[in-house]
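Since the structure comes first, as C-alpha coordinates, the remarks are kept for the end.
The values are calculated or read from the model by the stated rules, or taken from the named source; none is laboratory data. In this text, all values refer to a predicted model and were calculated from it rather than measured experimentally. FYI the Cβ positions are ideal-geometry reconstructions off the backbone, even for glycines, and counts take in every protein chain you see.
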Amino acid sequence: MRIKSNLIDSMTIFRCSLLVIFAILSNPIFSQITAPTATYSSVTQYASSPQDDIFVFCDNIGAGVGELKAVSNDGTSGWTFTWTKWDSGTGTFAIPIPSVDTSTESILTNLPDGLYKVEATNGVNSFNDQAWVLNRLASSQQPNFSLSRRDCAGIFFNSSFGVIQLKYQDITTKDEILLPATYVFELTREGLSVQRTPLIDYDGSVKSFFDGEAFEGKKNYVLTVTDECGRDYVSSMISSETYVVKAEFTVKPKAGEAPLEVEFTNESVNADDFEWFIYQDFDRIADAANVEDSLLVDGIITDEGPIAYTYLHPGNYFVKLIASSENVDGTCIDEFNFKAEGTPIVVDTSLVQVPNVFTPNGDGRNDIFRVKSQSLKSFSGTIINRWGRVVFSWKNPDEGWNGKINGKWATPGTYFYVITATGREEQKKKYTKKGSFMLIRK
(Lines give C-alpha, C1' and ligand atoms only; values in the text may rest on other atoms or scores of the structure.)
Protein backbone atom coordinates (compact mmCIF):
# COMPACT_ATOMS: atom_id res chain seq x y z
CA MET A 1 0.00 0.00 0.00
CA ARG A 2 2.85 2.37 0.76
CA ILE A 3 4.45 1.74 -2.66
CA LYS A 4 1.19 2.41 -4.49
CA SER A 5 0.64 5.64 -2.58
CA ASN A 6 4.08 6.90 -3.54
CA LEU A 7 3.41 6.11 -7.20
CA ILE A 8 0.14 8.05 -7.16
CA ASP A 9 1.85 11.07 -5.54
CA SER A 10 4.61 11.08 -8.17
CA MET A 11 2.12 11.02 -11.06
CA THR A 12 0.14 13.85 -9.48
CA ILE A 13 3.24 16.05 -9.23
CA PHE A 14 4.15 15.24 -12.86
CA ARG A 15 0.68 16.22 -14.14
CA CYS A 16 0.75 19.48 -12.15
CA SER A 17 4.15 20.32 -13.63
CA LEU A 18 2.83 19.81 -17.14
CA LEU A 19 -0.11 22.10 -16.43
CA VAL A 20 2.21 24.86 -15.16
CA ILE A 21 4.45 24.61 -18.25
CA PHE A 22 1.42 24.65 -20.56
CA ALA A 23 0.03 27.72 -18.79
CA ILE A 24 3.31 29.60 -19.17
CA LEU A 25 3.63 28.78 -22.87
CA SER A 26 0.00 29.63 -23.68
CA ASN A 27 -0.14 32.97 -21.83
CA PRO A 28 0.56 36.20 -23.78
CA ILE A 29 4.05 37.69 -23.43
CA PHE A 30 4.18 40.64 -21.02
CA SER A 31 6.70 43.45 -21.15
CA GLN A 32 7.14 46.79 -19.45
CA ILE A 33 7.89 50.26 -20.66
CA THR A 34 11.43 51.43 -19.96
CA ALA A 35 12.98 54.89 -19.88
CA PRO A 36 16.79 54.63 -20.26
CA THR A 37 17.29 58.42 -20.20
CA ALA A 38 15.15 59.11 -17.11
CA THR A 39 16.89 60.77 -14.17
CA TYR A 40 15.01 58.67 -11.65
CA SER A 41 11.81 56.68 -11.32
CA SER A 42 9.05 56.07 -8.82
CA VAL A 43 5.73 54.24 -8.59
CA THR A 44 2.24 55.69 -8.44
CA GLN A 45 0.18 55.75 -5.26
CA TYR A 46 -3.27 55.12 -6.73
CA ALA A 47 -6.08 54.35 -4.31
CA SER A 48 -6.33 50.87 -5.82
CA SER A 49 -3.96 48.58 -7.76
CA PRO A 50 -2.46 48.01 -10.20
CA GLN A 51 0.11 50.82 -10.01
CA ASP A 52 2.11 52.43 -12.83
CA ASP A 53 5.74 53.41 -13.17
CA ILE A 54 6.67 57.11 -13.04
CA PHE A 55 9.71 58.31 -14.99
CA VAL A 56 11.13 61.74 -14.19
CA PHE A 57 13.26 63.68 -16.69
CA CYS A 58 15.35 66.79 -16.06
CA ASP A 59 14.04 69.40 -18.45
CA ASN A 60 16.30 72.46 -18.60
CA ILE A 61 14.55 74.19 -21.50
CA GLY A 62 10.88 73.52 -20.72
CA ALA A 63 10.22 71.72 -24.02
CA GLY A 64 9.37 68.25 -22.74
CA VAL A 65 12.24 65.80 -22.95
CA GLY A 66 10.65 62.55 -21.80
CA GLU A 67 11.48 59.35 -23.66
CA LEU A 68 9.76 55.96 -23.41
CA LYS A 69 10.72 52.66 -24.97
CA ALA A 70 8.84 49.40 -25.45
CA VAL A 71 10.77 46.29 -26.52
CA SER A 72 9.67 42.82 -27.56
CA ASN A 73 11.05 40.37 -25.06
CA ASP A 74 10.54 37.14 -26.97
CA GLY A 75 13.43 37.72 -29.39
CA THR A 76 11.25 37.69 -32.52
CA SER A 77 10.42 40.35 -35.08
CA GLY A 78 7.15 41.31 -36.69
CA TRP A 79 5.75 43.31 -33.79
CA THR A 80 3.54 46.38 -34.21
CA PHE A 81 3.23 49.00 -31.50
CA THR A 82 0.39 51.46 -30.85
CA TRP A 83 0.84 54.34 -28.39
CA THR A 84 -1.88 56.49 -26.84
CA LYS A 85 -1.97 59.16 -24.15
CA TRP A 86 -4.45 59.27 -21.32
CA ASP A 87 -7.12 61.97 -21.56
CA SER A 88 -7.97 63.10 -18.03
CA GLY A 89 -11.21 64.65 -19.27
CA THR A 90 -12.66 61.43 -20.64
CA GLY A 91 -10.64 59.08 -18.44
CA THR A 92 -9.58 57.07 -21.50
CA PHE A 93 -6.48 56.57 -23.64
CA ALA A 94 -7.92 58.49 -26.54
CA ILE A 95 -4.98 60.55 -27.80
CA PRO A 96 -2.83 58.76 -30.42
CA ILE A 97 0.94 59.33 -30.19
CA PRO A 98 3.30 58.74 -33.14
CA SER A 99 6.41 56.64 -32.44
CA VAL A 100 9.60 55.51 -34.12
CA ASP A 101 9.34 51.74 -34.55
CA THR A 102 11.31 48.75 -35.71
CA SER A 103 10.06 45.20 -35.82
CA THR A 104 11.31 44.62 -32.26
CA GLU A 105 11.01 47.96 -30.43
CA SER A 106 9.23 51.31 -30.31
CA ILE A 107 10.45 54.68 -28.98
CA LEU A 108 8.67 57.92 -28.06
CA THR A 109 10.71 61.13 -27.72
CA ASN A 110 10.19 64.75 -26.60
CA LEU A 111 7.23 63.84 -24.45
CA PRO A 112 5.40 66.36 -22.26
CA ASP A 113 3.95 65.31 -18.91
CA GLY A 114 1.31 62.61 -19.08
CA LEU A 115 0.39 58.94 -18.83
CA TYR A 116 1.30 56.91 -21.93
CA LYS A 117 0.14 53.44 -22.95
CA VAL A 118 1.60 51.00 -25.46
CA GLU A 119 -0.21 48.04 -27.06
CA ALA A 120 1.87 45.56 -29.04
CA THR A 121 1.11 42.42 -31.03
CA ASN A 122 2.83 40.07 -33.47
CA GLY A 123 -0.38 38.36 -34.53
CA VAL A 124 0.05 35.54 -32.02
CA ASN A 125 1.06 37.15 -28.77
CA SER A 126 0.36 40.61 -27.39
CA PHE A 127 1.06 42.81 -24.42
CA ASN A 128 0.26 46.28 -23.12
CA ASP A 129 1.78 48.55 -20.50
CA GLN A 130 1.55 52.15 -19.35
CA ALA A 131 3.75 54.69 -17.54
CA TRP A 132 3.85 58.33 -16.49
CA VAL A 133 6.28 60.91 -17.85
CA LEU A 134 7.04 63.90 -15.62
CA ASN A 135 9.46 66.65 -16.64
CA ARG A 136 11.29 68.39 -13.79
CA LEU A 137 11.85 71.97 -14.90
CA ALA A 138 14.73 74.17 -13.80
CA SER A 139 13.85 76.93 -11.35
CA SER A 140 14.59 80.58 -12.04
CA GLN A 141 14.79 81.64 -8.39
CA GLN A 142 17.39 81.80 -5.64
CA PRO A 143 16.93 80.30 -2.19
CA ASN A 144 15.63 82.74 0.41
CA PHE A 145 18.45 83.11 2.95
CA SER A 146 18.63 85.27 6.05
CA LEU A 147 20.53 85.55 9.34
CA SER A 148 18.20 84.78 12.22
CA ARG A 149 20.32 85.50 15.32
CA ARG A 150 23.72 85.15 16.98
CA ASP A 151 24.47 84.02 20.50
CA CYS A 152 27.11 82.13 22.47
CA ALA A 153 26.05 78.85 20.81
CA GLY A 154 26.60 80.06 17.26
CA ILE A 155 25.00 81.72 14.24
CA PHE A 156 21.47 80.78 13.19
CA PHE A 157 20.11 81.14 9.64
CA ASN A 158 16.74 80.63 7.96
CA SER A 159 16.22 79.47 4.39
CA SER A 160 13.44 78.36 2.08
CA PHE A 161 13.08 77.52 -1.59
CA GLY A 162 10.16 77.57 -4.00
CA VAL A 163 9.40 73.95 -4.80
CA ILE A 164 8.60 72.86 -8.32
CA GLN A 165 6.08 70.20 -7.39
CA LEU A 166 5.58 67.30 -9.80
CA LYS A 167 2.10 65.82 -9.85
CA TYR A 168 -0.02 63.19 -11.56
CA GLN A 169 -3.59 61.94 -11.29
CA ASP A 170 -5.20 58.84 -9.91
CA ILE A 171 -6.68 57.36 -13.09
CA THR A 172 -9.66 56.01 -11.18
CA THR A 173 -10.59 58.83 -8.81
CA LYS A 174 -9.07 61.70 -10.88
CA ASP A 175 -7.53 63.02 -7.64
CA GLU A 176 -4.28 64.95 -7.99
CA ILE A 177 -1.29 63.30 -6.30
CA LEU A 178 1.96 65.10 -5.52
CA LEU A 179 5.22 63.29 -6.19
CA PRO A 180 7.54 63.67 -3.17
CA ALA A 181 10.66 65.66 -4.01
CA THR A 182 14.03 65.65 -2.25
CA TYR A 183 16.08 68.83 -2.07
CA VAL A 184 19.48 69.07 -0.43
CA PHE A 185 20.18 72.27 1.53
CA GLU A 186 23.83 73.01 2.29
CA LEU A 187 25.18 75.86 4.39
CA THR A 188 28.78 76.78 3.59
CA ARG A 189 31.26 79.14 5.23
CA GLU A 190 34.09 80.40 3.03
CA GLY A 191 33.32 77.52 0.66
CA LEU A 192 33.51 74.84 3.36
CA SER A 193 30.44 72.80 4.24
CA VAL A 194 28.95 73.59 7.67
CA GLN A 195 25.60 71.79 7.51
CA ARG A 196 24.21 69.56 4.77
CA THR A 197 20.57 68.51 5.10
CA PRO A 198 18.59 66.35 2.64
CA LEU A 199 14.89 67.29 2.90
CA ILE A 200 12.63 64.50 1.71
CA ASP A 201 9.19 65.53 0.48
CA TYR A 202 10.15 69.18 0.99
CA ASP A 203 7.13 71.51 0.91
CA GLY A 204 8.80 74.93 0.58
CA SER A 205 8.64 75.79 4.28
CA VAL A 206 11.33 77.72 6.17
CA LYS A 207 14.16 75.58 7.57
CA SER A 208 16.78 76.51 10.17
CA PHE A 209 20.55 76.14 9.81
CA PHE A 210 23.32 76.58 12.33
CA ASP A 211 27.06 77.16 12.59
CA GLY A 212 28.50 76.54 16.07
CA GLU A 213 32.19 76.89 15.23
CA ALA A 214 34.40 79.58 16.73
CA PHE A 215 36.40 81.91 14.48
CA GLU A 216 37.74 85.44 14.48
CA GLY A 217 36.53 88.24 12.22
CA LYS A 218 33.77 88.02 9.62
CA LYS A 219 33.15 85.05 7.37
CA ASN A 220 31.04 84.71 4.23
CA TYR A 221 28.07 82.31 4.13
CA VAL A 222 25.93 81.04 1.26
CA LEU A 223 23.08 78.54 1.15
CA THR A 224 22.96 76.16 -1.82
CA VAL A 225 19.88 74.12 -2.75
CA THR A 226 20.37 71.09 -5.01
CA ASP A 227 17.39 69.47 -6.70
CA GLU A 228 17.06 65.83 -7.76
CA CYS A 229 18.51 66.68 -11.16
CA GLY A 230 21.74 67.86 -9.52
CA ARG A 231 21.05 71.51 -10.35
CA ASP A 232 22.40 73.99 -7.80
CA TYR A 233 20.60 77.15 -6.73
CA VAL A 234 22.85 79.51 -4.76
CA SER A 235 21.64 82.21 -2.38
CA SER A 236 23.02 85.68 -1.97
CA MET A 237 26.00 85.95 0.39
CA ILE A 238 25.78 86.88 4.07
CA SER A 239 28.85 88.06 6.02
CA SER A 240 28.83 87.57 9.77
CA GLU A 241 31.06 87.34 12.80
CA THR A 242 30.37 84.95 15.67
CA TYR A 243 30.30 85.19 19.45
CA VAL A 244 31.33 81.57 19.92
CA VAL A 245 34.41 81.16 22.13
CA LYS A 246 36.73 78.19 21.83
CA ALA A 247 39.16 77.52 24.69
CA GLU A 248 42.15 75.43 23.67
CA PHE A 249 45.85 75.07 24.39
CA THR A 250 48.71 72.67 23.75
CA VAL A 251 51.49 71.54 26.07
CA LYS A 252 55.06 70.56 25.28
CA PRO A 253 56.31 68.12 26.36
CA LYS A 254 53.39 66.00 27.55
CA ALA A 255 55.57 63.60 29.56
CA GLY A 256 59.07 63.22 30.98
CA GLU A 257 61.06 62.88 34.17
CA ALA A 258 61.15 65.38 37.00
CA PRO A 259 61.96 68.20 37.02
CA LEU A 260 59.80 68.60 33.90
CA GLU A 261 59.41 72.05 32.37
CA VAL A 262 56.19 72.30 30.39
CA GLU A 263 55.32 75.13 28.01
CA PHE A 264 51.67 76.10 27.48
CA THR A 265 50.60 77.57 24.15
CA ASN A 266 47.24 79.30 24.18
CA GLU A 267 45.33 78.52 20.96
CA SER A 268 41.96 79.86 22.07
CA VAL A 269 39.74 81.51 19.49
CA ASN A 270 37.58 84.60 19.82
CA ALA A 271 38.42 85.15 23.51
CA ASP A 272 39.73 88.10 25.54
CA ASP A 273 39.88 86.88 29.14
CA PHE A 274 41.57 83.75 30.47
CA GLU A 275 41.74 81.75 33.68
CA TRP A 276 44.34 78.97 34.04
CA PHE A 277 43.95 76.25 36.67
CA ILE A 278 47.19 74.30 37.23
CA TYR A 279 46.23 71.38 39.43
CA GLN A 280 48.16 69.09 41.75
CA ASP A 281 48.79 65.42 41.08
CA PHE A 282 45.34 64.01 40.37
CA ASP A 283 45.67 61.27 43.01
CA ARG A 284 46.36 63.89 45.71
CA ILE A 285 43.21 65.92 45.13
CA ALA A 286 40.58 65.05 47.69
CA ASP A 287 37.01 64.63 46.48
CA ALA A 288 35.75 67.47 48.64
CA ALA A 289 38.70 69.79 48.04
CA ASN A 290 37.90 73.29 46.82
CA VAL A 291 39.60 74.80 43.79
CA GLU A 292 42.26 76.72 45.71
CA ASP A 293 43.31 73.63 47.70
CA SER A 294 43.61 71.62 44.47
CA LEU A 295 45.99 74.01 42.72
CA LEU A 296 49.75 73.71 42.48
CA VAL A 297 50.19 77.48 42.31
CA ASP A 298 48.88 80.27 44.47
CA GLY A 299 45.58 81.15 42.83
CA ILE A 300 44.28 81.22 39.28
CA ILE A 301 46.57 82.59 36.56
CA THR A 302 44.81 85.17 34.39
CA ASP A 303 47.54 85.76 31.78
CA GLU A 304 46.73 85.10 28.15
CA GLY A 305 49.66 82.70 27.97
CA PRO A 306 51.27 81.60 31.25
CA ILE A 307 55.02 81.14 31.44
CA ALA A 308 56.39 77.61 31.37
CA TYR A 309 55.71 75.68 34.54
CA THR A 310 58.19 73.22 36.07
CA TYR A 311 56.77 70.10 37.68
CA LEU A 312 59.15 69.04 40.45
CA HIS A 313 57.53 65.79 41.52
CA PRO A 314 56.29 62.65 39.71
CA GLY A 315 52.55 62.38 39.15
CA ASN A 316 49.66 62.82 36.73
CA TYR A 317 48.69 66.45 36.29
CA PHE A 318 45.93 68.22 34.44
CA VAL A 319 45.38 71.84 33.51
CA LYS A 320 42.14 73.67 32.78
CA LEU A 321 41.62 76.86 30.81
CA ILE A 322 38.46 78.95 30.90
CA ALA A 323 38.27 81.48 28.07
CA SER A 324 35.61 84.15 27.76
CA SER A 325 34.60 87.19 25.75
CA GLU A 326 32.17 90.05 26.28
CA ASN A 327 29.63 90.97 23.59
CA VAL A 328 26.43 92.99 23.31
CA ASP A 329 24.38 90.02 24.49
CA GLY A 330 26.53 89.14 27.50
CA THR A 331 29.53 86.92 28.16
CA CYS A 332 30.40 83.82 26.15
CA ILE A 333 32.51 81.18 27.94
CA ASP A 334 34.25 77.97 26.97
CA GLU A 335 36.35 75.51 28.95
CA PHE A 336 39.22 73.24 27.91
CA ASN A 337 40.42 70.56 30.31
CA PHE A 338 43.68 68.99 29.18
CA LYS A 339 43.06 65.78 31.10
CA ALA A 340 39.54 65.40 29.72
CA GLU A 341 40.86 65.77 26.17
CA GLY A 342 43.31 62.89 26.53
CA THR A 343 46.29 61.78 28.59
CA PRO A 344 47.22 64.18 31.42
CA ILE A 345 50.72 65.60 31.79
CA VAL A 346 52.72 62.65 33.09
CA VAL A 347 55.83 63.20 35.20
CA ASP A 348 57.66 59.89 35.50
CA THR A 349 58.11 58.18 38.85
CA SER A 350 61.70 57.76 40.05
CA LEU A 351 63.64 54.76 38.81
CA VAL A 352 67.04 53.10 39.40
CA GLN A 353 68.00 50.04 37.35
CA VAL A 354 71.54 48.60 37.36
CA PRO A 355 72.87 46.37 34.52
CA ASN A 356 74.50 43.04 35.30
CA VAL A 357 76.98 43.03 32.43
CA PHE A 358 78.78 45.43 30.09
CA THR A 359 81.24 45.01 27.23
CA PRO A 360 83.66 47.95 26.85
CA ASN A 361 85.26 46.92 23.54
CA GLY A 362 84.78 50.10 21.52
CA ASP A 363 82.07 48.77 19.21
CA GLY A 364 79.61 51.48 20.31
CA ARG A 365 77.27 49.04 22.01
CA ASN A 366 77.10 48.65 25.80
CA ASP A 367 80.52 50.34 26.12
CA ILE A 368 79.53 52.33 29.23
CA PHE A 369 78.36 50.91 32.53
CA ARG A 370 75.42 53.26 33.03
CA VAL A 371 72.55 53.10 35.52
CA LYS A 372 69.10 53.58 34.03
CA SER A 373 67.43 56.32 36.05
CA GLN A 374 64.71 58.94 36.01
CA SER A 375 63.26 61.61 38.28
CA LEU A 376 66.14 61.53 40.77
CA LYS A 377 66.96 64.33 43.20
CA SER A 378 70.35 62.90 44.25
CA PHE A 379 72.60 60.10 43.06
CA SER A 380 75.89 58.48 44.04
CA GLY A 381 77.57 55.47 42.48
CA THR A 382 80.73 53.52 43.35
CA ILE A 383 82.38 50.56 41.57
CA ILE A 384 84.75 48.25 43.51
CA ASN A 385 86.98 45.46 42.21
CA ARG A 386 87.22 42.00 43.79
CA TRP A 387 89.96 43.14 46.20
CA GLY A 388 87.78 45.95 47.61
CA ARG A 389 89.49 48.78 45.78
CA VAL A 390 87.35 51.66 44.45
CA VAL A 391 87.94 51.86 40.69
CA PHE A 392 85.28 54.44 39.76
CA SER A 393 82.70 56.73 41.38
CA TRP A 394 80.27 59.30 39.97
CA LYS A 395 77.47 61.68 40.98
CA ASN A 396 75.68 62.29 37.69
CA PRO A 397 73.34 59.40 36.78
CA ASP A 398 73.71 60.29 33.09
CA GLU A 399 77.39 59.41 33.27
CA GLY A 400 79.02 56.01 33.87
CA TRP A 401 82.19 53.91 33.85
CA ASN A 402 83.95 53.35 30.52
CA GLY A 403 85.80 50.24 31.74
CA LYS A 404 89.18 51.90 32.26
CA ILE A 405 91.31 52.34 35.40
CA ASN A 406 93.86 55.15 35.25
CA GLY A 407 93.50 55.23 31.49
CA LYS A 408 94.04 51.52 30.98
CA TRP A 409 91.49 48.79 30.25
CA ALA A 410 90.30 47.04 33.36
CA THR A 411 90.72 43.30 33.68
CA PRO A 412 87.61 41.33 32.63
CA GLY A 413 85.79 39.69 35.48
CA THR A 414 83.41 40.39 38.35
CA TYR A 415 83.02 43.90 39.82
CA PHE A 416 80.80 45.24 42.55
CA TYR A 417 78.65 48.39 42.81
CA VAL A 418 77.02 50.48 45.51
CA ILE A 419 74.27 52.85 44.34
CA THR A 420 72.41 55.32 46.55
CA ALA A 421 69.76 57.73 45.26
CA THR A 422 66.74 59.79 46.26
CA GLY A 423 63.67 60.09 44.08
CA ARG A 424 61.77 63.32 43.48
CA GLU A 425 58.50 62.06 44.94
CA GLU A 426 56.96 64.44 47.46
CA GLN A 427 57.19 61.68 50.03
CA LYS A 428 60.90 60.90 49.87
CA LYS A 429 61.81 57.70 48.10
CA LYS A 430 65.33 56.40 48.83
CA TYR A 431 67.30 53.76 46.92
CA THR A 432 70.26 51.69 48.11
CA LYS A 433 71.39 49.05 45.65
CA LYS A 434 74.38 46.70 46.04
CA GLY A 435 75.39 43.93 43.69
CA SER A 436 77.83 42.61 41.13
CA PHE A 437 78.20 42.70 37.37
CA MET A 438 80.45 41.14 34.76
CA LEU A 439 82.94 43.07 32.62
CA ILE A 440 83.38 41.16 29.37
CA ARG A 441 85.75 42.16 26.61
CA LYS A 442 85.55 40.22 23.35
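Do we have any residue at all in the range 353-374 that's touching an Asp or Glu at 6+ places or on another chain (Cβ under 9 Å) and of a type in the set (A, V, I, L, M, F, W, C)? Yes, that holds for at least one residue.
In the range 312-340, of all residues being in a loop (DSSP other than H, G, I, E, B) and either of a type in the set (A, V, I, L, M) or closer than 24 Å to residue 242 by Cβ (or both), the one that is modelled with the lowest pLDDT corresponds to 340.
Does the range 151-159 contain any residue that is surrounded by fewer than 18 Cβ atoms within 10 Å (Cβ to Cβ), among the charged types (D, E, K, R) and either in contact with a Leu (Cβ under 8 Å, 6 or more places away or on another chain) or under 23 Å from residue 270 (Cβ atoms) (or both)? Yes, some residue in the range 151-159 is surrounded by fewer than 18 Cβ atoms within 10 Å (Cβ to Cβ), among the charged types (D, E, K, R) and either in contact with a Leu (Cβ under 8 Å, 6 or more places away or on another chain) or under 23 Å from residue 270 (Cβ atoms) (or both). For first residues located in the range 26-50 and modelled with pLDDT of 95 or more and surrounded by 15 or more Cβ atoms within 10 Å (Cβ to Cβ), partners that are of a type in the set (Ser, Thr, Tyr) and in a loop (DSSP other than H, G, I, E, B) and lie 6+ apart or on another chain with Cβ distances below 7 Å form the pairs 46/172.
Tell me, please, whether a residue that is crowded, with 19+ Cβ neighbours inside 10 Å and not hydrophobic (A, V, I, L, M, F, W, C) can be found in the range 333-344. Checked the range 333-344: at least one residue is crowded, with 19+ Cβ neighbours inside 10 Å and not hydrophobic (A, V, I, L, M, F, W, C).
Being out of contact with any Phe, Trp or Tyr (no Cβ under 6 Å at 6 or more places or on another chain) and within 17 Å of residue 338 (Cβ to Cβ) narrows it down to one of 296, 260, so name that one.
296
Can you name the residue in the range 195-210 that is in a strand (DSSP E or B), touching a residue at least 24 places away in the same chain (Cβ under 8 Å) and hydrophobic (A, V, I, L, M, F, W, C) and is also surrounded by the fewest Cβ atoms within 10 Å (Cβ to Cβ) among such residues? Of everything passing the filter in the range 195-210, 210 is surrounded by the fewest Cβ atoms within 10 Å (Cβ to Cβ).
Kindly check whether there is at least one residue in the range 287-301 that is over 21 Å from residue 349 (Cα atoms), surrounded by 15 or more Cβ atoms within 10 Å (Cβ to Cβ), within 33 Å of the chain's Cα centre (by Cα) and touching a residue at least 12 places away in the same chain (Cβ under 8 Å). Within the range 287-301 (the criterion being over 21 Å from residue 349 (Cα atoms), surrounded by 15 or more Cβ atoms within 10 Å (Cβ to Cβ), within 33 Å of the chain's Cα centre (by Cα) and touching a residue at least 12 places away in the same chain (Cβ under 8 Å)), the answer is no, since none of the residues qualifies.
Answer yes or no: is there a residue in the range 150-157 that is assigned to a strand (DSSP E or B), touching a Ser or Thr at 6+ places or on another chain (Cβ under 6 Å), modelled with pLDDT of 95 or more and β-branched (Val, Ile, Thr). Checked the range 150-157: at least one residue is assigned to a strand (DSSP E or B), touching a Ser or Thr at 6+ places or on another chain (Cβ under 6 Å), modelled with pLDDT of 95 or more and β-branched (Val, Ile, Thr).
Out of curiosity, is residue 70 in a strand (DSSP E or B), in contact with a Ser or Thr (Cβ under 6 Å, 6 or more places away or on another chain) and assigned by TED's automatic domain parsing to the domain that holds residue 121?
yes
When the residues of the range 414-431 are filtered to those that are charged (D, E, K, R) and outside any strand (DSSP E or B), the one that is surrounded by the fewest Cβ atoms within 10 Å (Cβ to Cβ) is 428. For the range 359-379, filtering for residues that are modelled with pLDDT of 95 or more and either outside any loop (DSSP other than H, G, I, E, B) or small (Gly, Ala, Ser) (or both) leaves 9. Suppose the filter is modelled with pLDDT of 95 or more and more than 30 Å from residue 58 (Cβ to Cβ); does residue 224 pass it? Against the criterion (modelled with pLDDT of 95 or more and more than 30 Å from residue 58 (Cβ to Cβ)), residue 224 does not qualify. Quick one: which residue in 343, 382 is of a type in the set (Ser, Thr, Tyr), more than 29 Å from residue 316 (Cα to Cα) and either under 53 Å from the mean Cα position of the chain (by Cα) or modelled with pLDDT of 95 or more (or both)? 382 is the lone residue from the list that is of a type in the set (Ser, Thr, Tyr), more than 29 Å from residue 316 (Cα to Cα) and either under 53 Å from the mean Cα position of the chain (by Cα) or modelled with pLDDT of 95 or more (or both).
Please go through the range 177-189 and pick out each residue that is over 27 Å from residue 244 (Cβ atoms), modelled with pLDDT of 95 or more and of a type outside the set (A, V, I, L, M, F, W, C). 183, the sole residue that qualifies.
For every residue, the table says whether it meets (1) outside any loop (DSSP other than H, G, I, E, B); (2) touching a strand residue (DSSP E or B) at 6+ places or on another chain (Cβ under 6 Å); (3) modelled with pLDDT under 95.
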position: 236; (1), (2), (3): no, no, no
position: 262; (1), (2), (3): yes, yes, no
position: 289; (1), (2), (3): no, no, yes
position: 292; (1), (2), (3): yes, no, yes
position: 299; (1), (2), (3): no, no, yes
position: 307; (1), (2), (3): no, no, yes
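Per the listing 368, 419, 405, the residue uniquely touching a residue at least 60 places away in the same chain (Cβ under 8 Å) and over 30 Å from residue 154 (Cβ atoms) is 419.
The residue pairs whose first member lies in the range 117-138 and is within 30 Å of residue 162 (Cα to Cα), whose second member is aliphatic (A, V, I, L, M), and whose beta carbons are closer than 6 Å, counting only pairs six or more residues apart or on different chains, are 131/33; 132/54; 132/115; 133/111; 134/56; 134/166; 136/56; 137/164. The single residue among 106, 146 that is hydroxyl-bearing (Ser, Thr, Tyr), in a strand (DSSP E or B) and surrounded by 18 or more Cβ atoms within 10 Å (Cβ to Cβ) turns out to be 106. Can you tell me which residue in the range 385-404 is farthest from the chain's Cα centre (by Cα), limited to those that are of a type in the set (A, V, I, L, M, F, W, C) and surrounded by 15 or more Cβ atoms within 10 Å (Cβ to Cβ)? Within the range 385-404, the match that is farthest from the chain's Cα centre (by Cα) is 391.
For residue 283, the stated conditions do not hold, so it cannot be described as free of Cβ contacts under 8 Å to residues at least 12 places away in the same chain, outside the structural domain of residue 374 (by TED's automatic domain parsing) and out of contact with any helix residue (DSSP H, G or I) (no Cβ under 7 Å at 6 or more places or on another chain).
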